[in-house]
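Worksheet: one structure, shown below.
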Amino acid sequence: MNYTRIFVTIASAAIVAAGCDTYDGNQDTIGATGRQGATLRAVHDTGTRTDFDGKASAWTDGDAMSVICTSPEKEAQVIKFTVTDPAKGIFKSDRAVLDPDTEYDVYAVYPYNADKVAIGAGSDKARFGIGAAEQTQHGSSASHIAALDPLTGCVKAVTPDNISLLMRHTATVISTRLANGTGESISGISSVTITAPEGIILAASHSIDLADGTVVADEATISNSVEIAVESSGEIPAGGEFPIWAAAAPFSMRSGEALRFEITAADGTMYTAVKTFGSKRRFDAGTVMSTTVELSAATEVAETITVSVNLTDAASYPDNFPKAEYYEDNATPVDNVYMFGGYPFRFYCTTPYYHHESGGKTLYLNITDISDSTSADIALPIIEGYAPTRIAVSTHESCQKRNLYISTVDPAGKILQGTKRKNTFNRTNIYEPVGTDDKTEYRIRITGSATPNPCPVTKMEITYKHL
């Protein structure tokens, strides 16, 4: 099928609603003659489409669909119908055996695949992938979308000479314009990966109920990301654009949630961008999400990212971080996630901690009563695509006189490979773990001895390396 048109807005309920059509006698149809062989007409729900390139959506030679014909008097049949007139959407089957005087309920799904359609009592189903975790785009064409966007249609109580189907989409389309803002030509695009938050399904195998349009994802196949491999994209001149098309399962984004785009150019240069939604949005089947990603120095992926937090600077602390002038003030944390340097740090502490001030001057982050039976963990930010490879923790000079220890650990408390526990006799301890990834919540762990002691921390600096 030549998929040269896409949706540009949320389709109206009349267009995308699930369920079967009831033939009203006014639709343009092509009839079957006799019992052997049948012809039907299938059209697209094009009411809310706009042109990609000036061409209309159309069937093409070789297109075929699976058609189920059922009636109370006759045994259900799964029939292959092949297009004979792509311009008019005329499909024919020479193998169909239908009684011209019997009314049938007709269910259809495109593309044809005999192994993916099952007949059941009152529940005719098809199993197809909607979207795909791995897609391949040829040049700037969107032709790959058709195979990842099964079409379904049904009509009830019709005789074989009155079969006319309105085919509805099951996928949404993510349309991304890559804008070259580098100031020079880009040799081409190798791939684009789009990732949604965990729990959002962008691709999966789905069971499709052909009677009511209900789709259910197979949990074993779900993916929250899609990767589009691009073949023969060609050069993108400075100031030029290149389109990327991705088929996805219908999805919703809550306010504040974001899609992450990772683009790899033909020369290996990588770019990344995050598109955050300011309000709740739903992208139903037959709709398109359009966005633009600029490829420039600002979005080029850095080889390393360093997160540096100066805990002797009052401006470093977020508003929700506990603050006190004296230990006796007993500042009680009400949260455990705080934004430092634009990144979230999660605190797991069995004792109080607070931003310590004296005489209006910020001194340090104070963690109290560290002993051999208490501890404090500060979880490092997780940055997608980057792994922490260097962690530096600095403490106040008073720690040189206390039996306090700092280590870097995984969530289970295991010391990271390539590091060891160090005493705070050193003002700054540096850890260079190996084998880290961008999924694990690594932690700075502070422990002590039998005598409880406070641990004032003055600086944290974490260097991440691109994977």
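The values are calculated or read from the model by the stated rules, or taken from the named source; none is laboratory data. Just so we're clear, the structure is a prediction, and the values are computed from it rather than from any experiment. Positions of Cβ are generated from backbone atoms using ideal geometry, with glycine treated the same way; all protein chains shown enter the neighbour counts.
What the table below lists for this structure:
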item	result
Members of region 409-419 that are more than 14 Å from residue 389 (Cα to Cα) and of a type in the set (D, E, K, R)	414
Residue match in region 169-176 (condition: more than 16 Å from residue 194 (Cα to Cα) and not hydroxyl-bearing (Ser, Thr, Tyr))	yes
Those strands (runs of 3 or more DSSP E) lying entirely in region 215-327 with at least 1 residues at pLDDT 90 or above	225-231, 241-248, 251-253, 258-265, 270-276, 281-283, 288-295, 304-310
Top-ranked residue of region 164-186 - restricted to ones that are in a strand (DSSP E or B) and of a type in the set (A, V, I, L, M, F, W, C), ranked as surrounded by the fewest Cβ atoms within 10 Å (Cβ to Cβ)	179
Residue within region 436-449 that is buried (at least 17 other Cβ atoms within 10 Å of the Cβ), touching a Leu at 6+ places or on another chain (Cβ under 9 Å), of a type in the set (Phe, Trp, Tyr) and not assigned by TED's automatic domain parsing to the domain that holds residue 262 present	yes
Matching option when the condition is buried (at least 22 other Cβ atoms within 10 Å of the Cβ), at negative phi and acidic (Asp, Glu), among 149, 94, 161	149
Region 64-111: number of residues that are of a type outside the set (A, V, I, L, M), within 42 Å of the chain's Cα centre (by Cα) and within 19 Å of residue 211 (Cβ to Cβ)	10
Residue that is surrounded by the fewest Cβ atoms within 10 Å (Cβ to Cβ), among those in region 398-435 that are more than 38 Å from the chain's Cα centre (by Cα), among the hydroxyl-bearing types (Ser, Thr, Tyr) and part of a strand (DSSP E or B)	428
Conditions (1) touching a residue at least 60 places away in the same chain (Cβ under 8 Å); (2) among the charged types (D, E, K, R); (3) farther than 24 Å from residue 384 by Cα; number of the one not met by residue 235	(1)
